[in-house]
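Below is one structure, written out as structure tokens; comments come after it.
Coordinate-derived values only; no laboratory data. In this text, all values refer to a predicted model and were calculated from it rather than measured experimentally. Note: ideal-geometry Cβ built from the backbone for every residue, glycine included; neighbour counts use all protein chains shown.
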Amino acid sequence: MWTVLVGTLILCGCGIVAGVTLVGAARVFAVKTDERVETIEALLPGANCGGCGNPSCYNYAVKLVSGEVEPNRCVLSKQESLQAIGDILGIKVEAALRRAASVCCLGGMVAAKQYEYAGMPSCRVAVLYTLGDRQCQWSCLGFGDCSKMCKFDAIYNKGRSIPFIDADKCTGCGACAAVCPKDLIKILPVGFPYVVCSTKERGKAVSKECPIGCIHCLKCVKGCPEGAIKEIGGIIKIEYSKCIQCYKCVEECPRKILKVLSTVRQEEGATA
């Protein structure tokens, strides 16, 4: 009995000593946290989407306090929240340019078929077989790998089709763009025109593969008063720093390949 009691007392004593040691070490080696971090984190949306380039809103708040990043990187923050963050940091903050994902393909299942695909319903698998079952190698395969990656319910498919993207829900995190095996999803500024086709073919070759693809007539390039649209590497690209949102390119396009990215749900893509 006496042996058990002594053993118990020794164990209790060791526990107390260890506890005191740990408390002392915690106080000595404690990392002091700036109180502004928690305050700023509370003002952020808490989506932890990664759209600002950081893994979480907390990490973003830490970098804001240290001055490593700009306060307007979070596109989900409202202007009043941004202003409150600016007041805490003692700087003036302007709202960030809203960005959202867009599928740069309008044809999809409308594009001419080259064979019957009966494999796994996955874009990443289907692309291994001659880049998919459509003749246009730049066409969306429509299996929705991107929608499965979106944790904000901003992308969804109706059967096998070009995914719908709700730009109002999209955070611009880029997860969908990263998983697209054909690099058809781009993160673009809302309210600006964009080219809903990624083909590098021209003229009759395009018409043979896809009846609604970009034929590279260059009317949009010639019609832009600011020279913001150019053909680079066989692709029509828009330099958004020059774009004045006059939308003349949208009006000039004979195939209606240029659209305006808005927070209104994008129109439905062609289904199988």
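Provide the per-residue ³J(HN,Hα) series for the range 121-133, in order, calculated from phi with Karplus coefficients 6.51, -1.76, 1.60 and θ = phi - 60°, each as a whole number of Hz, with x at glycine and proline positions.
Those phi angles translate into x, 9, 4, 5, 8, 4, 5, 6, 9, 6, 6, x, 8 Hz.
Taking H as built 1.01 Å from N, whose amide H comes closer than 5 Å to the amide H of R134, not counting residues under 5 places away?
Long-range HN contacts for R134: Q114.
Past 28 Å, Cα to Cα: identify those pairs from K208/K259; K204/K237; K63/K230; K200/K259, in the order given.
K63/K230
Explain nothing, just the number: relative contact order of the range 39-136, from Cα pairs under 8 Å at least 6 residues apart, as a whole percent.
Relative contact order here is 18 percent.
Measuring from label point to label point, each 7 Å out along Cα→Cβ, what is the R73 to K230 span in nm?
2.8
Let me know the shape class of the range 80-232, please: from the alpha-carbon gyration tensor, a ≥ b ≥ c as square roots of the eigenvalues, rounded when a/c is under 1.5, otherwise prolate if a/b is greater than b/c, or oblate.
The shape class here is oblate.
Determine the relative contact order of the range 36-89: mean sequence separation of Cα pairs under 8 Å and six or more apart, normalised by residue count, in whole percent. Intermediate values should be presented prior to the final figure.
Values: 50 pairs, mean separation 20.0, N = 54.
Across the range 36-89, relative contact order equals 37 percent.
When the chain is fully extended, how far beyond the present Cα-Cα distance does K222 get from Q245, taking 0.36 nm per residue of separation?
6.7 nm
Gap in Å between the Cα centre of the range 104-141 and the Cα centre of the range 179-211?
14
What is the set of long-range amide H partners of R98 at a cut-off below 5 Å, with H atoms built 1.01 Å from backbone N?
Those qualifying (amide H under 5 Å, at least 5 residues apart or on another chain) are V190.
Quick one: length gained pulling A42 to F152 fully straight, 0.36 nm per residue minus the C-alpha distance? Walk me through the numbers on the way to the answer.
Details: separation 110, 0.36 × 110 = 39.60 nm, distance 1.98 nm.
Taking A42 through F152 to full extension adds about 37.6 nm, to one decimal.
Taking θ as phi - 60°, what are the ³J(HN,Hα) couplings along the range 211-225 by the Karplus curve (6.51, -1.76, 1.60), each to the nearest whole Hz, with x for Gly and Pro?
Once rounded to whole Hz, the list reads x, 10, x, 6, 8, 6, 6, 6, 5, 5, 5, 6, x, 6, x.
Hey, what did the range 99-260 get for relative contact order, percent, Cα under 8 Å, at least 6 apart?
Contact order relative to length: 24 percent.
So for each of 219-231, 41-53 I average, over its residues, the number of other beta carbons within 10 Å; can you give me the resulting order with the highest mean first?
Ranking the peptides 219-231, 41-53 by packing returns 41-53, 219-231.
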